[in-house]
């Protein structure tokens, strides 16, 4: 079996504090400064025995509230956005399956942000509450001998 190289990085990305909005896939996102106790997110990427990967979000001081999407913000509640090579996906719980077909680059960036009910990104000291990792494509098109044809 080929060795699986999965890089997990969990940190706050240092950005220019003057950036008030983030733009991904033609969607502008505001930011909202979190209050203490600050929410945090970490990710764990696990190779699925059948195909793809399972992504687990490990959050602290944060509650998933899919029933409140687009409603008034309540601090430390909301949902997550997953960006796979900058393509955004909404997430309403701690688990997501990444299909092999979503991993189109030699090194695929996985970025997760915590977001309020109105989709604003939570920040702490003007830095996004996020986790970043990567999945390396070792076979070009055939992932880890999973016999896809």
Handout entry: Percent of alpha-carbon pairs separated by more than 17 Å within the stretch 42-110
Key = 47 percent
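Once the Cβ-Cβ distance between residue 73 and residue 95 is put in as r, and R0 is 25 Å, what FRET efficiency do you end up with, to the nearest 0.05? List each step's numbers first, then the result.
On the way: r = 24 Å, r/R0 = 0.97.
With a Förster radius of 25 Å, E is 0.55.
Here, each number is a calculation from the coordinates, and none is a lab measurement. Keep in mind it's a predicted model, so treat the numbers as computed, not measured. With ideal geometry, Cβ positions are generated from the backbone for all residues, glycine too; neighbour counts draw on all protein chains shown.
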